[in-house]
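Peer 1: Got a structure for you, questions after.
The values are calculated or read from the model by the stated rules, or taken from the named source; none is laboratory data. All values reported here derive from a predicted model rather than from experimental measurement. For neighbour counting, all protein chains shown are included, and Cβ atoms are generated from backbone atoms with ideal geometry for every residue, glycine included.
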2 protein chains.
Amino acid sequence: MRGEQTPRLREALEDDIVAGRLKPGQRLDEVGLAERFGVSRTPIREALIQLSSSGLVEIRPRRGAFVVLLGPRELIESFELMAEIEASCGRLAVQRMGPSDREAISEAHETCRIAAAAGDEEAYYPANARFHGAIYAATGNRVLAGEALRLQRALQPYRRLQLKVPRRVEASFAEHQGIVDALFADDGPRAAERLRAHVLVQGERFMTLLAALQAESEALEDAG
Amino acid sequence: MRGEQTPRLREALEDDIVAGRLKPGQRLDEVGLAERFGVSRTPIREALIQLSSSGLVEIRPRRGAFVVLLGPRELIESFELMAEIEASCGRLAVQRMGPSDREAISEAHETCRIAAAAGDEEAYYPANARFHGAIYAATGNRVLAGEALRLQRALQPYRRLQLKVPRRVEASFAEHQGIVDALFADDGPRAAERLRAHVLVQGERFMTLLAALQAESEALEDAG
DNA sequence: GTCAACAATCATGTATGCAAGATTTTCTCT
DNA sequence: AGAGAAAATCTTGCATACATGATTGTTGAC
């Protein structure tokens, strides 16, 4: 056995969670994961601890590790934090982005346009992540960009649940257009405001969906 | 042996780092720490992994764990992130703070005043942390407040090095006064701007100090 | 039939053992 | 004596073992 299992395991689990193969609330059995990856519990535990620090996993003492399931309040608060950070990124990006940053943003935006025009939600997700990532990178602040990326991933499992919101992709792309316009007009405050609104409205859309789902499940409970 | 060593160890190490008893760049030997705390390496390792995720420790594969020593660039970037988050907190606090929040801010501010008037740097530190913490809490957003607190602690070891900057405490308190004025005048944008400036200027002061220290050490090298 | 208590089972938390990479020391050659 | 290579030492990364708290299943009483 030649070293460095933990990073690989962390990434694999992270991918599984972000991609939705491991669902929020699901329990992560150490022995099961150890068998699945062909390692002992030790590196699995270390990977889980790292994931708990990045917000994707919750470890309850003596109870085990669970894929984080944010409650409504935490979700709202997380989206608000995300909105604030994205707004900051937008303002700073306007001040500092160079030609290659503009190119990266334009390119990701075009990829979004294609996916949106085709109504291809599966393609829109990664394009959207790249678009926002390009804005983070354009700030030139790696610490800030790293925080933004971490939060983006932590919230990804919940964005995934928005699949059924009608015309979601079209609305998102229209907002992107407004953001790009502000960025390329070197209007920092406007870019910040539009990014903030873009993220907050996502959160709100999600909460609406959540309320609908809860009402539905309660109706089922009453019926059953 | 009755469970749950890891959290205790994490807190103890965190305190040591934040309080400066473990200095940036210092190596953290697993065996040594295990002996010191009277446990095996396993919970020590887990605590170190957690600290690495919260930004206080850096783990280099096969090399060991080190108290994080941010380079100039990372320091500037971290202070900028902190400034953005604090600005957001200020703006949101104006929108949402209740009477008890105002009281907590006032109280912490008065404690700062006393420490500043006495020129008591040791007392000013915790009072300053409480003042900022009261603003985070006033946002009503626990996720945001948690992030702000995490960053505050990650940067604490570097703030500590500013001890020798002349009239630092007086300048800081004067800035606090401006922040409080804006907050209590319900002027969100102004509070945000003043908080941003307050944190950024701290970073700049620190960088100036750092440059001076480096010049000094280089002069010593040349002489020796 | 339901609930409670107890026993058996299971998973986690920690300790210990071992292999491999990193570091330091020593030895050799120039 | 200094530089480089080889060996000894040390430390980390992972595997395994074991004890304790959690969970589940069973039995018995009401």
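Peer 1: Do we find that B:GLU58 is facing another protein chain (nearest Cβ under 9 Å) and either surrounded by 15 or more Cβ atoms within 10 Å (Cβ to Cβ) or closer than 27 Å to A:PHE79 by Cβ (or both) in this structure?
Peer 2: Criteria not met by B:GLU58.
Peer 1: Please determine whether any residue of region A:110-120 is more than 17 Å from the chain's Cα centre (by Cα), under 24 Å from A:GLU11 (Cβ atoms), away from DNA strand C (no atom under 16 Å from the Cβ) and not hydrophobic (A, V, I, L, M, F, W, C).
Peer 2: There is at least one residue in region A:110-120 that is more than 17 Å from the chain's Cα centre (by Cα), under 24 Å from A:GLU11 (Cβ atoms), away from DNA strand C (no atom under 16 Å from the Cβ) and not hydrophobic (A, V, I, L, M, F, W, C).
Peer 1: Does A:ILE49 satisfy the criteria of being within 7 Å of another protein chain (Cβ to nearest Cβ) and within 16 Å of DNA strand C (Cβ to nearest atom)?
Peer 2: Spelling it out, A:ILE49 is indeed within 7 Å of another protein chain (Cβ to nearest Cβ) and within 16 Å of DNA strand C (Cβ to nearest atom).
Peer 1: Can you name the residue in region A:81-113 that is acidic (Asp, Glu) and surrounded by fewer than 21 Cβ atoms within 10 Å (Cβ to Cβ) and is also nearest to the other protein chains (Cβ to nearest Cβ) among such residues?
Peer 2: By that ranking, first place goes to A:ASP101.
Peer 1: Of the residues A:TYR125, A:TYR136, A:TYR158, which single one is at pLDDT 95 or above, of a type in the set (Ser, Thr, Tyr) and assigned by TED's automatic domain parsing to the domain that holds A:ARG96?
Peer 2: Result of the check over A:TYR125, A:TYR136, A:TYR158: A:TYR136.
Peer 1: Since A:SER40 meets every condition but one in (1) within 14 Å of DNA strand D (Cβ to nearest atom); (2) crowded, with 19+ Cβ neighbours inside 10 Å; (3) not aliphatic (A, V, I, L, M), which condition does it not meet?
Peer 2: Result: A:SER40 passes all but (2).
Peer 1: Follow-up. Please go through (1) at pLDDT 95 or above; (2) more than 23 Å from A:ARG10 (Cβ to Cβ); (3) within 16 Å of DNA strand C (Cβ to nearest atom); (4) of a type outside the set (Phe, Trp, Tyr) for B:LEU69 and return the number of the only condition it doesn't satisfy.
Peer 2: Just one mismatch for B:LEU69, condition (1).
Peer 1: Residues in region B:6-18 that are within 13 Å of DNA strand C (Cβ to nearest atom), away from chain A (no Cβ under 11 Å) and in contact with a helix residue (DSSP H, G or I) (Cβ under 6 Å, 6 or more places away or on another chain): how many?
Peer 2: Matching residues across region B:6-18 total 1.
Peer 1: Checking the conditions here, which among A:GLU35, A:GLU58 is in contact with a strand residue (DSSP E or B) (Cβ under 7 Å, 6 or more places away or on another chain), within 13 Å of DNA strand C (Cβ to nearest atom) and among the charged types (D, E, K, R)?
Peer 2: Just one listed residue meets the conditions, A:GLU58.
Peer 1: Moving on to the next point. Please go through region A:29-59 and give me each residue that is touching a residue at least 40 places away in the same chain (Cβ under 8 Å) and either under 21 Å from A:GLU4 (Cβ atoms) or among the polar types (S, T, N, Q) (or both), ordered by number.
Peer 2: Matches in region A:29-59: A:GLU46, A:ALA47, A:GLN50, A:LEU51, A:SER54, A:LEU56, A:VAL57.
Peer 1: For A:GLN26, work out the one condition from (1) without any contact (Cβ under 8 Å) to a residue 40 or more places away in the chain; (2) under 28 Å from A:GLY146 (Cα atoms); (3) within 13 Å of DNA strand C (Cβ to nearest atom); (4) among the polar types (S, T, N, Q) it doesn't fulfil.
Peer 2: (1)
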